Amino acid sequence: MILVTGGAGYIGSHTVKELLKQGYEVVVFDNLSRGRRELLLTEQFVEGDLLDPRALETAFQGYSIRAVIHFAALTSVPESVAEPEKYYRNNVVGTLNLLDAMRRHEVALLIFSSSAAVYGDPERIPIPEDHPKRPKNPYGRTKLVMEEILADYGRGYGLRHVSLRYFNAAGSDPEGEIGEWHEPENHLIPIVLEVALGQRPYLEIYGTDYETPDGTAVRDYVHVADLARAHVLALQALEKGRKLAPAYNLGIGRGYSVREVWEVCQRVTGRTIPSRAAPRRAGDPAVLVADPRLAQQDLGWKPEFTNLEAIVVTAWRWMNSPRFGKFR
Ligand code: UFG
């Protein structure tokens, strides 16, 4: 049985789908604070909070767990700037509680959700895993601190772990069963598409004076189904006892500016999407683009979605689906 914390969240639910497809048995642990019951794909579910050790104990006692994929965390950069305590408590203390439960129950395999936010403003692009890490916001610091703790737990307690550093997760399940759903939404692609749907008056472009070709921030958008596949590959590698790096970048290795995203969204939707320049958002690096070669080499991971248009098509389909309409 694989324990997936945060399995009712965006990347978590897509990974649960992939695990089930590959024949794994899965139990989800989620407090449903950001996750959604509608995105739960398994009946094996423990509703609980990582800050409540008794809830964790229920999960570990109730199921015979052999590995953990740990998504459950707060993930908003601007929120982490405004409320750092909440981020350190949930992302660091919560993960320590999970590690305690794993040690008590002798579970030694962990896949940890990390982030490109550990790098901060890059010195070079694309970013390899050994690039200096100077996170620009508390969210990124919670992920970096945890990566370092995991290394110590590996040395001290024999924990076998791998951190996956996601760049910008985007898109939705190509089969339309589940998809991106945050409330409130603060991610670029769904926001642009909400403007296209008339649910918001205009897109605010946060920062038009960055040192980038068009002045707007550049990100590496990677499809959530490709991220899900990377987790299964990492799990298989850990289970086989293969030697892995401590962390892998997951991105497509190509950046798109906010303006380019906006243009692609206009093309995909066939609609004019109003936009306005707005001040930079606190904690935002100018450019984040992955060098994903190590994940390709060690895990055999090759993203299927290699251009933004194809990613946006899946996001747009999900946002227009009666299924998502019913959920909201
Ligand atoms: N942006 C806008 N207008 C909006 C929303 C976003 O201009 O209304 C801009 C942001 O300022 C940023 C870019 O679009 O430059 C992407 O923003 P997102 O909020 O979609 O994503 P982030 O890059 O801020 O963060 C995401 C994840 C983080 C992760 C980070 C790593 O949400 O968890 O990617 O790349 F750390």
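At-a-glance table
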{"quantity": "Residue within segment 65-79 that is out of contact with any Cys (no Cβ under 8 Å at 6 or more places or on another chain), away from the ligand (no atom under 16 Å from the Cβ) and over 27 Å from G140 (Cβ atoms) present", "calculated": "yes"}
{"quantity": "Residues that are in contact with a Ser or Thr (Cβ under 9 Å, 6 or more places away or on another chain) and of a type in the set (S, T, Y), drawn from segment 282-320", "calculated": "T314"}
{"quantity": "First in segment 86-97 and in contact (Cβ under 8 Å) with a residue 24 or more places away in the chain, second anywhere and surrounded by fewer than 21 Cβ atoms within 10 Å (Cβ to Cβ) and among the β-branched types (V, I, T), Cβ under 8 Å, 6 or more apart", "calculated": "V92/V145; V92/I149; T95/I149; L96/I149"}
{"quantity": "Some residue of segment 259-269 being in a loop (DSSP other than H, G, I, E, B) and modelled with pLDDT of 95 or more", "calculated": "no"}
{"quantity": "Qualifying residue in segment 130-149 (condition: part of a helix (DSSP H, G or I), surrounded by fewer than 22 Cβ atoms within 10 Å (Cβ to Cβ), in contact with a Ser or Thr (Cβ under 7 Å, 6 or more places away or on another chain) and outside the structural domain of R271 (by TED's automatic domain parsing))", "calculated": "yes"}
{"quantity": "Restricting segment 4-47 to residues that are part of a strand (DSSP E or B) and either among the charged types (D, E, K, R) or over 15 Å from A73 (Cβ atoms) (or both), the residue that is nearest to the chain's Cα centre (by Cα)", "calculated": "D30"}
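Residue by residue, here is whether (1) in contact (Cβ under 8 Å) with a residue 60 or more places away in the chain; (2) part of a loop (DSSP other than H, G, I, E, B) holds:
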residue	(1), (2)
D152	no, no
S172	yes, yes
I178	yes, yes
D209	yes, yes
T216	no, yes
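The values are calculated or read from the model by the stated rules, or taken from the named source; none is laboratory data. All values reported here derive from a predicted model rather than from experimental measurement. Cβ: placed from backbone, ideal geometry, glycine included. Neighbour counts: every protein chain shown.
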